[in-house]
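Structure, as structure tokens:
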Amino acid sequence: MMSGESDPLLGNEEDPSSESPSEVSNILSFSPSTDEMDESTVRMVLLGKTGSGKSATGNSILSREAFTAQCSPESTTKICRKENNEENGRLISVIDTPGLCDTSMSPEEVKREIEKCVYMSVPGPHVFLLVIRLGVKITEEEQNTVKWIQKNFGEDASRYTIIVFTFRDSVKGTTVQEYIHASKYLRNLIDSCGDRYTFLNNEDPDDRTQVDELLKKIQELIQKNGGKSYTNAMYEEAQEKIRQEEERVRQEEERQKEEEKQRIIEEYERIKNRWKAQLKSDLQKMVNECFNCWPKSVFGIVKAVMIGVPVFLLGASFLIVTSPIIFAVWAFRKIRNKLKTEAEYIHIAND
Ligand SMILES: Nc1nc2c(ncn2[C@@H]2O[C@H](COP(=O)(O)OP(=O)(O)O)[C@@H](O)[C@H]2O)c(=O)[nH]1
Ligand SMILES: [Mg+2]
């Protein structure tokens, strides 16, 4: 799966509450048939990505077309299906599951269906066959599928897992051993599954040695586990761990949200107080400036009055004092001129 794309498996993990109690109890109330209770039955569950060859592997093991193996990008197996076969006097029960990255099913549906396999194989599967296709690049989607299995079935599941590499025929020019050992991821995966793996070419149903080898490995594993199978309790424990982890993540997210909220409130208060202080200081400055201006203005007015009034009074007094003199001089000169003119006239007349 490319990063950024929605992962039906991981998406599924985010909502444990999506399973209604009634659905879970339906699964739990699954009643096993007699063969499942038979201690000699070998119970195996096929897990893996869509198209990895799960159904074909089931058919190879059962030596018949029990499941529909199809070359389709979408899984043809929508529900867990169980098929039995007798092999050397021993009953083999194979459960085929939907592809873990099936795009035609919702993550909830896939999870619900896959978890049925545990209850379908009561008292529990002896082995999980983790099917991985050879010859194609191990994608992020493939890795997520494995992660999903490890997470949902828990750490215990690896003790019951055998990796089945299908499409053995597609590896050309190098041995399959060399092929898988060239990948660090596959080496680590094999290591985490106790070095248990095998190869299959499902297109060669006549080659029984490959199936016999797988059955031998399954037998060895059962013996190693003392005949015990993976149990519902282990599954429930793994699910409880997931729920606890999800709860922890939810609480962590809530705590982070709360912290973010507090940080925003504090930031808001800090900005508000800064602006308040700024506004207050600006106002104070304005008031101070006004008060500083006032005395200057008053002094200016007083100064103008004190200088202007005496100057005005002086001017007015000068005019009052000088104007009669000027008038007298003017009148005297006027009378003198008149008298002079009249005297001249009389003089002329007397002549
Ligand atoms: N060449 C080759 N084809 C295979 C092998 N295993 C499965 N296939 C083909 O791969 C396709 C998908 O297989 P299927 O079992 O339906 O995959 P599932 O989705 O995992 O169940 C089918 O066409 C199979 O015939 C194999 O080992 N070699
Ligand atoms: Mg299938």
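Tell me the Kirkwood hydrodynamic radius of the chain in angstroms, computed as one over the mean inverse distance between distinct C-alpha pairs.
After inverting the pairwise mean of 1/r, the radius is 27.5 Å.
Write down the Kirkwood hydrodynamic radius of the stretch 131-176, to one decimal in angstroms, obtained as one divided by the mean of 1/r over all alpha carbon pairs.
When all Cα pairs of the stretch 131-176 are included, the Kirkwood radius is 12.0 Å.
From the convex hull of the Cα coordinates of the stretch 142-216, what is the mean projected area in square nanometres?
Its Cα hull, projected and averaged over all orientations, spans 5.5 nm².
Which order, highest average first, do 236-245, 151-160 follow once you tally other Cβ atoms within 10 Å for each residue and take the mean per peptide?
Descending mean neighbour count gives 151-160, 236-245.
Per 5 Å bin, what percent of the C-alpha pairs of the stretch 236-351 does each bin hold, from zero upward?
Reading the bins upward from 0: 2, 8, 5, 6, 5, 5, 5, 5, 4, 4, 4, 4, 4, 4, 3, 3, 3, 3, 3, 3, 2, 2, 2, 2, 2, 1, 1, 1, 1, 1, 0, 0, 0.
Among the listed pairs LYS82/LYS151; LYS116/LYS147; LYS49/LYS224; LYS82/LYS172; LYS54/LYS172, which have their C-alpha atoms separated by more than 30 angstrom in this model?
Going by Cα-Cα distance, LYS82/LYS172 fall outside the 30 Å limit.
Just so you know, all these numbers are worked out from the coordinates, no wet-lab data involved. Being a predicted model, the structure only gives us computed values, none of them experimental. Positions of Cβ are backbone-derived with ideal geometry, glycine not excepted, and every protein chain shown enters the neighbour counts.
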